[in-house]
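Each value in this text was obtained by applying a stated rule to the coordinates, not by laboratory testing. As the structure is a prediction and not an experimental result, all values here were calculated from the model. With ideal geometry, Cβ positions are generated from the backbone for all residues, glycine too; neighbour counts draw on all protein chains shown.
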Amino acid sequence: MISIFQKNKILIVAALLIASGIYGYKYFSKKKPEKKAVEESKNVFSVPEDVLKRHPLTYVALKEVSQFEELALPGRITYDPESMAKVGSQVEARIKKVLVKEGDRVSQGSPLAILSSIQLGEVEASYVKARASLDALKLQADRAKELFEMKVTSAKEYELATMQYKTAKTEAETTRIKLDNYGLTPSEIEGIERGIYVSSNLILRSPINGEVTERRAILGQQVTRNEELFTIANLTHLWVLLDVYEKDLGGVREGAQATIFPLGDEQSTVQISGKVGYVGTVLDNVKRTAKLRIMVSNKGGKLKPGQTVTAKVAGLVVSTGEGKRKMVPLEAVHEIEGKSFVFVPLGEDTFEAVNVIVGDTIEDDVVILGGLPEGAKVVSKGSFVLKSEFLKY
């Protein structure tokens, strides 16, 4: 049996515990708002009046835009003209031997085919003759100069010998240029000059490093001047060409990022990044489209010239009609210690740095996912000055 004294003691202890709990609850519930107020006050700061005068501020409100998704357009892979070459004969000839096939990798100067040309043989013979005449006339001109200086011959005879030498020199140089244009190398031309190389054979060589992507040369074929026989291309850099409608051109800029997919397979793991290298300035009169050129690196060889692909370009977007997105200018958002902040005016010279949650960046605007109340205005132009002042606190 519990005595009356013990009962009273238990009641007193219980009453004390209840009173302590009530007091503690009231104490800590009052303290929390104070702590929060202290935390919030850390983000409120003032800016000196003279600073604001030197750096006028611009205020903007959240703007709402429709939800967009990137627009996927069909495109076609093509060569980069700066990394390809068409090779043909500079003279009428017959193909004696073809040294490469499609798919072969070649270096600059690699032989592609051997041609036989009567015309080339005639020019080589003319060059040999011109060089021999030039050497003989040079001796005559030098001798005429000596005799003229010794006053043995007249000035007229000296001038005639000099003129004949200059004419022969011009003819030899002109013939040498022809050989150079036909594709003979300097060493081959030097061989002709020394009389150890006279042939009607012409070797076609690759002007660049790359891959033989097209071969039209056939053994025994008679070819004409400038007829294309080989296409050599460096396939590590290619172009993607798109047709973009006039209404969408305003959202695309040179340098914009692009993603390339196999046609119709946007979920494919085969994705190649590129950049917009050119936005067309002339519209097709019928389709009302302009050409968009994307430069891509193809070091892995995943893309082939002539291949059809799908491309998504930053700035090429289409409205989904689902809800709205809230945006502010990109210059209004600043990253501080890994968080994104905007500056909200509280008075003429007082501002608050508000932590916001940001989304995608579209052109010069950034999506605000949270942190700003409806109707709030933020500082846009001049906000970098506020960032500097805020970091002083």
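Using the average count of surrounding beta-carbon atoms within 10 Å as a protection proxy, the listed peptides 221-233, 202-214 rank, highest first, as 202-214, 221-233.
Estimated from the Cβ-Cβ distance and a Förster radius of 25 angstrom, the FRET efficiency linking LYS156 and SER126 is about 0.25.
Estimated at 0.36 nm per residue, the fully extended path between ALA85 and LYS275 surpasses their Cα-Cα distance by 66.0 nm.
The slack between ASN43 and ASP364, meaning 0.36 nm per residue of separation minus the straight C-alpha distance, is 112.9 nm. 3J(HN,Hα) along the range 107-119, derived from phi through the Karplus expression 6.51 cos²θ - 1.76 cosθ + 1.60 where θ = phi - 60°, amounts to 10, 4, x, 5, x, 9, 7, 10, 10, 10, 9, 5, 4 Hz, with x in place of Gly and Pro.
Taking label positions 7 Å along the Cα-Cβ direction at both LEU241 and ARG76, the computed distance is 0.5 nm, reported to one decimal. Can you compute the FRET efficiency between THR185 and LEU99 using 1/(1 + (r/R0)^6), with r the Cβ-Cβ distance and R0 = 22 Å? Round to the nearest 0.05. Using R0 = 22 Å, I get an efficiency of 0.90.
Taken along the Cα-to-beta-carbon direction at a fixed 7 Å, the label points for SER340 and ILE177 span 6.4 nm. In order along the range 256-261, phi translates into HN-Hα couplings of 5, 6, 9, 10, 10, 10 Hz, rounded to whole numbers, per the Karplus curve 6.51 cos²θ - 1.76 cosθ + 1.60 with θ = phi - 60° and x for Gly and Pro.
Do any of LYS53/LYS387; LYS86/LYS169; LYS275/LYS304; LYS53/LYS326 go past 24 Å between their Cα atoms, and which? Table pairs above 24 Å Cα-Cα are LYS86/LYS169; LYS53/LYS326. The label point for ALA136 and the one for LYS63, both projected 7 Å from the Cα toward the Cβ, are 8.6 nm apart.
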